[in-house]
Amino acid sequence: MAGAHEQEYSFELVGGHLCLDFVNTLNGSRDTGVTEEKLESYADFVSWSRQAGVISEREARRLLNEAGRRPTEAEKIRRRAVALREAIYRVFTAAASERAPAQADLKVLNDVLSEAMSQAQIVKSPEGFVWDWSKDDAALERLLWPVSRSAAELLVSDNLSRARVCGADDCTWLFMDTSKNRSRRWCDMKYCGNRSKARRHYQRKRDAAEESKL
């Protein structure tokens, strides 16, 4: 598994909430259609889940082994994960624009959430009581459950109004605006913020050059 990690994609976890990081597994802009899919296989879904802290190394290995034995089912769950991701994206972008989400998108989320909650249980840990899942580690669909619960918890929380869409023209990632004055515009200043600054700088220089010719 360690050797595989050297080749795997390193996901940017800048959303500030599990379900938002999941939405951000599609790079680019959904508005323009110029996108790059990062969940191309069930193994990618496992990799994201491990990097996001949803599962452990041991659980990841077991799921990958199980997926190898049941590739058709694994692909079906990957497609379901992508459908869930896009439904979550549309629900949160609707909420950010103070619009009612489509019932079809809520149904996609609620169908997975219903399945997740039927498998949820409270267990005792050294730190106290925590949520866990009742099915065994080899249940391929278990990666969907924490995502759906994360989305549900954020949607009914007081922090929903802090969920934002990146302000870059070529990015539709979601993030939590935790700034004091709620003025954050970019999913990540290192990428979208700096690129936007560079574009504005270039435009100002070009405008100035055009004006000097007059």
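The magnitude of the dipole of the chain, with charges of +1 and -1 set on the Cβ of Lys/Arg and Asp/Glu and taken from the Cα centre, is near 680 debye. Going from the residue with the fewest nearby Cβ atoms within 10 Å to the one with the most, E57, E141, E115 rank E57, E115, E141. The trypsin sites (Lys or Arg not before Pro) found in the stretch 48-105 that occupy coil by DSSP, while having at most 16 further C-beta atoms within 10 Å, are R99. Computed on the stretch 150-196, with alpha-carbon pairs under 8 angstrom and 6+ residues apart, the relative contact order is 29 percent.
Projecting label points 7 angstrom from Cα along Cα→Cβ for F129 and L160 puts them 2.6 nm apart. Summary value for the stretch 65-182: 22 percent relative contact order, contacts being C-alpha pairs under 8 angstrom separated by 6+ residues.
Considering only DSSP states other than H, G, I, E and B, which trypsin sites (Lys or Arg not before Pro) in the stretch 121-154 qualify as loop sites with at most 15 other Cβ atoms within 10 Å? Of the trypsin sites (Lys or Arg not before Pro), the ones in loops of the stretch 121-154 whose Cβ has at most 15 other Cβ atoms within 10 Å are K135. Per residue, the average separation of C-alpha pairs within less than 8 Å and at least 6 apart gives the stretch 12-212 a relative contact order of 26 percent. Phi angles across the stretch 88-98 convert, under the Karplus curve 6.51 cos²θ - 1.76 cosθ + 1.60 with θ = phi - 60°, into 3J(HN,Hα) values of 4, 4, 5, 5, 6, 5, 5, 4, 5, 9, 6 Hz, Gly and Pro given as x. Fully extending the segment from R79 to T32 would add 14.7 nm, taking 0.36 nm per residue of separation and subtracting the current Cα-Cα distance.
Each value in this text was obtained by applying a stated rule to the coordinates, not by laboratory testing. Treat the numbers as computed from the prediction; the structure is a model and nothing was measured. For neighbour counting, all protein chains shown are included, and Cβ atoms are generated from backbone atoms with ideal geometry for every residue, glycine included.
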